[in-house]
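One structure is given here, and the rest of the page talks about it.
The values are calculated or read from the model by the stated rules, or taken from the named source; none is laboratory data. Just so it is clear, the model here is predicted, and its values are computed rather than measured. Reconstructed Cβ throughout: ideal geometry from the backbone, glycine too, with neighbour counts over all protein chains shown. Side chains included, ligands, DNA and RNA excluded: accessible areas come from the protein's heavy atoms. Shrake-Rupley method; radii C 1.70, N 1.55, O 1.52, S 1.80 Å.
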Amino acid sequence: MITQATCQQLDQQDPLAPIREQFNLPPNVIYLDGNSLGAQPKAAIQRAQQVIEQEWGDKLIGSWNSAGWFDLPSRLGDLLAPLIGAKSSEVVLTDSTSINLFKTLAAGLKIQAEKHPQRKVIVTERINFPTDLYMIQGITEWLNQGYQLQLIDTTEELYTAINDDTALVLLTQVNYRTGELLDMQALTAHAHKHDVLTIWDLCHSAGAVPIDLNGCNADFAVGCTYKYLNGGPGAPAFIWIAERHQTAFTHPLSGWWGHNAPFAMQAEFTPTKTIRRALCGTQPIVSLALVEVGLSTFEQTNINAVRGKSLALTDLFIALVAQECGTHGLSLVTPTEHAKRGSHVSYMHPHAYPIIQALIKRGVIGDYREPQVARFGFTPLYTSYMDVWNAVQALKHILDNNDYEIHAPRNAVT
């Protein structure tokens, strides 16, 4: 039996526990939705005030140089690089995940069109995050050159779907709905056997799962910073281009920040030879500055320690749900095997949506995803083992007493 005392002892032994105090967590709230929006680092408020009052308010335009605004996308990329297995020259923070996906799709298709013009298939999973599917659909329809989107339904199918007809494969390392963690190294190696380029979406893995883009010999990657990286709502995303592809990387969004000499104000676009060719227009400095606060938190630990706690938290949650709520029809859809699990846990239930609403009313914030999936995210920097205990006790009370509105309306945001 797992007891409350067990969870209290785990918290006492947790080396990451002190970091929790560096986040603003509302009283009487158990936050299990950091896989959608990370909690606010306390230092973010001071940093925002510094940017607005001093750098912008006092120094005005001079801060592009004196405060390092111009180099911020690259400097943050260097700060992020160790968390994703990148070199300091390979990643920048800019734009949104969707826009960065468009850039990588455009670049990858152009590279492949020059090498393998007959290849017209882009492979991804049917249950991939919708924006990934939409961006593929959008660029292929816009190009109108016969490209086809091939959707597969199981991980096993990927190995047969990726073949000599494939141009690109776009995969999310951790599935947003199920929490399944794909084998980046094996899938990338399989793609490269067929000379297929890979694009990895790291939105639900960066900051929670050790990633080794270079070790896996991946080609391109994108991801957001507002989930496990705690950069704030709508924070700029990141884009990674393997060093070997940077010279060939081109895309239609050729804004002046990607120019070789942006302040020369030349009429013709000449891309820089560095990772900054992935940039487009003027950057949102206040948002970028807050991302720096979130990333700096990771300097107090290492991603392997974060992963160790993530697995311990999710193991505990799965075991406690089985122990306390095992008779209530919850069906685990997240893999139990460590090598196949990210940092969130999902259950299917016919009344998953009203159950999540009932939990939120009791101060336990998870979220709902179609169809019938209750999702719980565990952010090791601030989630405690007692959070897990108390969340499951709240879930048990709701299920034991049918304390939820079956016909509650579904809203886009839970």
Does region 113-132 include one or more residues that are part of a helix (DSSP H, G or I), surrounded by 15 or more Cβ atoms within 10 Å (Cβ to Cβ) and either out of contact with any Ser or Thr (no Cβ under 8 Å at 6 or more places or on another chain) or not assigned by the TED database to the domain that holds H245 (or both)?
-> yes
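So that you can scan it fast, the table gives a plain yes or no per residue for (1) under 21 Å from Y226 (Cα atoms); (2) in a loop (DSSP other than H, G, I, E, B):
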| site | (1), (2) |
| --- | --- |
| I139 | no, no |
| W142 | no, no |
| Q145 | no, yes |
| E157 | no, no |
| T160 | no, no |
| N163 | no, yes |
| T188 | no, no |
| G207 | yes, yes |
| D212 | yes, yes |
Condition met for S254 (more than 21 Å from the chain's Cα centre (by Cα) and touching a residue at least 12 places away in the same chain (Cβ under 8 Å)) = yes
Only one of I19, I52, I61 is part of a helix (DSSP H, G or I) and assigned by the TED database to the domain that holds L320; which?
-> I19
Restricting attention to region 179-208, which residues are open to solvent by 10 Å² or more (accessible area, probe 1.4 Å), over 19 Å from the mean Cα position of the chain (by Cα) and touching a residue at least 12 places away in the same chain (Cβ under 8 Å)?
-> A189, H190, H192, H194, D195, L197
Criterion violated by N217 - all others in (1) crowded, with 21+ Cβ neighbours inside 10 Å; (2) at positive phi satisfied = (1)
Inspect all residues belonging to region 166-178 and state whether any of them is without any contact (Cβ under 8 Å) to a residue 40 or more places away in the chain and of a type in the set (A, V, I, L, M, F, W, C).
-> no
Among Y368, Y404, the single one that is assigned to a strand (DSSP E or B) and open to solvent by 10 Å² or more (accessible area, probe 1.4 Å) is Y368
N24 vs. criteria in contact with a strand residue (DSSP E or B) (Cβ under 7 Å, 6 or more places away or on another chain), assigned by the TED database to the domain that holds C325 and surrounded by fewer than 20 Cβ atoms within 10 Å (Cβ to Cβ) = yes
Would you check if there is a residue in region 205-226 being assigned by the TED database to the domain that holds S88 and out of contact with any helix residue (DSSP H, G or I) (no Cβ under 9 Å at 6 or more places or on another chain)?
-> no
Sole miss for E292 among (1) of a type in the set (D, E, K, R); (2) in the same structural domain as P233 (by the TED database); (3) free of Cβ contacts under 8 Å to residues at least 12 places away in the same chain is condition (3)
Working only within region 316-341, note down all residues that are within 21 Å of the chain's Cα centre (by Cα) and open to solvent by 20 Å² or more (accessible area, probe 1.4 Å).
-> V333, P335, T336, E337, H338, A339, K340
Within region 165-186, count every residue that is assigned to a helix (DSSP H, G or I) and among the small types (G, A, S).
-> 1
